[in-house]
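The block underneath contains the structure these notes are about, expressed in structure tokens.
Rule-based calculations on the coordinates, nothing more; no lab input. Bear in mind the structure is a predicted one, so any value in this text is a computation, not a measurement. Neighbour counts are summed over all protein chains in view; Cβ atoms, including those assigned to glycine, are modelled from backbone coordinates with ideal geometry.
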Amino acid sequence: MMPTREEWAVVLFTLRVAALGTAVILPLGVTAAALLTRSRGAARSLLETALSLPLVLPPTAVGLLLLDAFARRSALGSWLAALGIQVAFDWKGVVIATAVMSFPLLVRSALVAFEEVDPRLVGLARTLGCGPGEAFFRVTLPLAWRGVLAGTVLAFARALGEFGATVMLAGNIPGRTQTLALAIFHDTQTGRDDRARVLAGITALLAFAALWTAEALGRRRQRRRAA
Amino acid sequence: MISLDVELPLARFPLRVAARLSAGVTAVMGPSGAGKTSLLDAIAGLRQVARGRIAIEEDALVDTAAGLSLAPARRRVGYVPQEAGLFPHLSARDNVLFGARGRAAEAAHAIEALEIGHLLDRYPSSLSGGEKQRVALARALAIRPRLLLLDEPLAALDVGLRERIVPYLLRIRDEWSTPMLYVTHNVGEALALAGEVLLLEEGKVEAQGPPLSLLSTPGLSREARGGIENLLAGRVAAHDAQGGVTRVRLAGGLALSVPLSVDLALEAPITVAIRAEDVLVSTEPVRGLSARNVYEGVVRGIERGAADAALRCLVHPELPEWVARLTPAAVAELGVVPGSAVWLAVKSHSVQVVSTGTGRPGAARV
């Protein structure tokens, strides 16, 4: 059974919000990982734990916290509303929910990649005239980019399948906030199991492609290190 | 003049080094873990100094009393680590130019002097160990450093390759006149390159002085002097092609045979090394032995260790005492005590030529 136009629209919407969410967290996640790489001790482990919370909390709990943060009666929500921006029950809410849920995956992958870079090389860059920032962009990042990219793809894959936080913050509004994950749930609830299966198949294909890419990047990284 | 007054905690002991080093090459020697690399790191700014002052001429890089610690980028100290430390994602050219920042002439000079022009488009993974070291040297020189730090730059290379890199180091020493701190375990390198040796042991300066006299001082640890106890200076006296030996005239007129090396110029000054375990000891005059070098001497002292004993013997008043390493059983069997007459025998193949010339072997071949 071929997907209909309506179903393609859901697929496109999902890809778009996942890509947007990933784009939002990429600079933030790389910065967070770079700062964590340079820090040690209790502060670091506290931060690392806090950043990883979305991995283990029930997504609905994260969604609820986000909903409270962005609700019209909250400080942030009313400030955004004054600017004419509505996050809750809007596509922007989907972006934020998926971004928050996939953020830890990106940070953790980037952190591992940065820590694999020989600190002696960074030190040498500094003796050759680089400040810490320049050494990061000229040595650390070029040597770690595969790992960062693998983490980005992983975060994107996670964003594709996000359900709990999204449904709490953005609701399940067909044509407005409904992603693939939400549509599958909606279809099974409304007796359209066949359509749900088609969407599930598409989701599986997308996720497979993304994970395959991330794995391939990881494998090449290992080969390079072995060389 | 480099002034070092450095104090920083290491894992097993604190590093406390106070020394003034003349311009030129200083070989930093000492057992593994003595704090040599930590000292270089502190000078380069890669490790924080707990207390002290580091200065090149009058310019302080670190002065904890004044709250001064220049960022590594502002020290202009070139660093070449043991494994070259090239950036693997950059070509040799981009490695050399990494810190050059518009000093293209400096980079070009370094590329020419180290003869790496033909390697510039290659990546570090395709360079041999010696080529990597030359690129790393050029990279350090391209920042026009006020001081060069070399951390066992030849340790990872095999012996033949080492000999081919040493002339480049000599060229840098003579053409750039940049002061160098050169960490090495190799007596030959120290003798060939350095005007001075700084010996570290457990984070402290054990000794400082001219290489030959310092490295042949009795009482310095074996490891500190590169595992070679007997260092003797002499001149090339004759080549005996038929006999397969080159004869060296030691101080006091003693003759010593070394494996034939016809490329040594006659009358050239030469330093040879003999390991203490390669010296055979007899209490009677030696006859019918294949060893080419036999000397009569007197035992001056015996130092007993757990597994071996070191015999210090006077062979000639103008030569440093020879050290022979024996097992405690052999010492007991021979019955030697201080004052005993002994005959020392050394095969010519146990004699290693560690350097030709004293200080300026400008004639070294590439």
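Projecting each Cα onto the charge dipole of region A:88-227 (Lys/Arg +1, Asp/Glu -1 at the beta carbon, about the Cα centre), which of A:THR203, A:GLY171, A:ILE184 comes out farthest on the positive side? Most positive-ward Cα: A:THR203.
In terms of the Cα gyration tensor, with a ≥ b ≥ c the square roots of its eigenvalues, is region B:198-312 rounded because a/c is under 1.5, prolate because a/b exceeds b/c, or oblate? It comes out oblate by the Cα gyration axes.
Taking every residue in B:45-54 and counting other chain Cβ atoms within 10 Å of its Cβ, the average works out to 1. With a 10 Å cut-off around each Cβ of A:117-125, the average count of Cβ atoms from other chains is 6. To test your reading of the geometry: what angle, between 0 and 90 degrees and rounded to tens, separates the Cα axis of helix B:104-113 from the longest principal axis of chain B? It is inclined by approximately 20 degrees. Cβ crowding within 10 Å ranks B:TYR295, B:TYR79, B:TYR182 as B:TYR295, B:TYR182, B:TYR79, fewest other Cβ atoms first.
What you get for the protein assembly as shown, charging only the Cβ of Lys and Arg (+1) and of Asp and Glu (-1), is a dipole of about 1360 debye around the Cα centre. To the nearest ten degrees, helix A:141-160 and the longest principal axis of the Cα atoms of chain A are 10 degrees apart.
Lysines within cross-link reach of B:LYS347: Cα-Cα under 19 Å, excluding same-chain residues under 8 positions apart? In chain and number order, there are no partners. Kindly state, to the nearest 0.05, the FRET efficiency for A:ARG219 paired with B:GLN82, given R0 = 30 Å and r defined as their beta-carbon distance. FRET efficiency, A:ARG219 to B:GLN82: 0.50. Across region B:338-350, rounded Karplus estimates of 3J(HN,Hα) from the backbone phi angles (6.51 cos²θ - 1.76 cosθ + 1.60, θ = phi - 60°) give x, x, 5, 7, 9, 10, 9, 10, 9, 5, 5, 6, 8 Hz, Gly and Pro being marked x. Any chance you could give the angle, 0 to 90 degrees and rounded to 10, that helix B:159-176 forms with the longest Cα principal axis of chain B? Approximately 60 degrees, to the nearest 10. Summing Cβ point charges (Lys, Arg +1; Asp, Glu -1) relative to the Cα centre of region B:250-366 gives a dipole of roughly 180 debye.
Compute a Gaussian network model of chain A, connecting alpha carbons closer than 10 Å, and tell me which residue from A:THR14, A:THR37, A:THR98 fluctuates the most. Its mean-square fluctuation being the largest, the pick is A:THR37. The phi-based Karplus calculation (6.51 cos²θ - 1.76 cosθ + 1.60; θ = phi - 60°) puts the 3J(HN,Hα) values of region B:313-328 at 10, 9, 9, 7, x, 8, 9, x, 4, 7, 10, 10, 9, 10, 7, x Hz, whole numbers, x for Gly and Pro. Label-to-label distance, B:LEU10 versus A:ALA23, with points set 7 angstrom from Cα along the beta-carbon direction: 5.3 nm. Taking a ≥ b ≥ c as the square roots of the Cα gyration tensor eigenvalues, chain A comes out oblate, since a/c reaches at least 1.5 and a/b does not exceed b/c. Semi-axes of the equivalent ellipsoid for the protein assembly as shown, computed as √(5λ) from the eigenvalues of its C-alpha gyration tensor and ordered from largest down, come to 69, 25, 23 Å. Comparing B:ALA138, A:TRP91, A:SER52 along the charge dipole axis of the protein assembly as shown, the residue lying farthest to the positive side is A:TRP91, per the Cβ-charge model.
When Rg and Dmax are taken over the Cα atoms of chain B, they come to 22.7, 71 Å. The overall shape of region B:73-200 is oblate: from the C-alpha gyration tensor, with semi-axes ordered a ≥ b ≥ c, the ratio a/c is 1.5 or greater and a/b is no larger than b/c. By the compact-protein rule of thumb, 2.2 N^0.38 Å, the alpha-carbon radius of gyration of region A:127-223 corresponds to a ratio of 1.56.
For region B:27-44, backbone nitrogen atoms closer than 19 Å to the point 7 Å from B:THR217 Cα along Cα-to-C-beta are found at B:27-32, B:34-36.
Relative to one another, the C-alpha centroids of region A:81-152 and region B:47-79 are positioned 33 Å apart. Convex hull of alpha carbon positions in region B:2-216: directionally averaged projected area 11.6 nm².
Which parts of region A:127-156 would a label at B:ASP94 reach, counting a residue when its backbone N lies under 16 Å from a point 7 Å out along Cα-to-Cβ? Output list for this probe position: A:134-146.
Farthest towards the positive end of the charge dipole of region B:137-273, among the residues B:LEU161, B:ILE172, B:GLY188, is the Cα of B:ILE172, using unit charges on the Cβ of Lys, Arg, Asp and Glu.
The string of couplings for region B:136-144 from the Karplus curve (6.51, -1.76, 1.60, θ = phi - 60°) is 5, 5, 5, 4, 5, 6, 5, 8, 6 Hz, one whole number per residue in order, with x for Gly and Pro.
Summing Cβ point charges (Lys, Arg +1; Asp, Glu -1) relative to the Cα centre of chain B gives a dipole of roughly 500 debye.
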